[in-house]
1. Summarise the accessible area of the chain (1.4 Å probe, protein heavy atoms) by the percent that is carbon and sulfur.
2. Mind checking the per residue accessible area of the chain for me, 1.4 Å probe, whole number of Å²?
3. For the chain, calculate the relative contact order in percent as a whole number, restricting contacts to Cα pairs under 8 Å that are 6 or more residues apart.
4. List every residue whose amide H lies under 5 Å from the amide H of Asn72, counting only residues 5 or more places away in sequence or on a different chain, with H placed 1.01 Å from N in the peptide plane.
5. Where is the GNM fluctuation largest for the chain (alpha-carbon springs, 10 angstrom cutoff): Gly24, Gly66, Gly36?
6. Between Glu70, Glu50, Glu38, where does the largest GNM mean-square fluctuation fall for the chain, given springs only between Cα atoms within less than 10 Å?
7. What list of ³J(HN,Hα) values in whole Hz, one per residue of the range 28-40 in order, does the Karplus curve 6.51 cos²θ - 1.76 cosθ + 1.60 (θ = phi - 60°) give from phi, with Gly and Pro shown as x?
Amino acid sequence: TRDQNDFASCFVATNPSCANRAFGFYDNSARTRARGLELVLGMEPADGLEVQATYSHVDARNRTPGSAAEGNLLARRPQHSMALVAD
């Protein structure tokens, strides 16, 4: 992704940009990359019952050349997520 906007929280951060922004500010990452794997298993064990399990592994990182955050994981993007759905 190019020119990705993200919200930087100022509740704990000591970023100088937080001086006049008590809650946070929008920041731009010139380049980011997310890649990963998703596995899905679904079955119908009985008439009218469907069960599905999913697992995702995502490696989302800042790839902005020269940035202090280059190579860091992107905030609020889980590396591992799982779901189980029954319908």
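The values are calculated or read from the model by the stated rules, or taken from the named source; none is laboratory data. Just so we're clear, the structure is a prediction, and the values are computed from it rather than from any experiment. Only protein heavy atoms, including side chains, enter the accessible area calculation; ligands, DNA and RNA are left aside. Shrake-Rupley method; radii C 1.70, N 1.55, O 1.52, S 1.80 Å.
1. Details: 3580 of 6740 Å².
Ligands and nucleic acids excluded, carbon and sulfur give 53 percent.
2. Accessible area per residue: 77 Å².
3. Values: 156 pairs, mean separation 21.2, N = 87.
For the chain, the relative contact order is 24 percent.
4. Here Asn62 satisfy the definition.
5. Maximum fluctuation in the GNM of the chain, among the listed residues, is at Gly66.
6. Answer for the Gaussian network model of the chain: Glu50.
7. 10, 10, 4, 9, 9, 9, 10, 9, x, 9, 10, 10, 10
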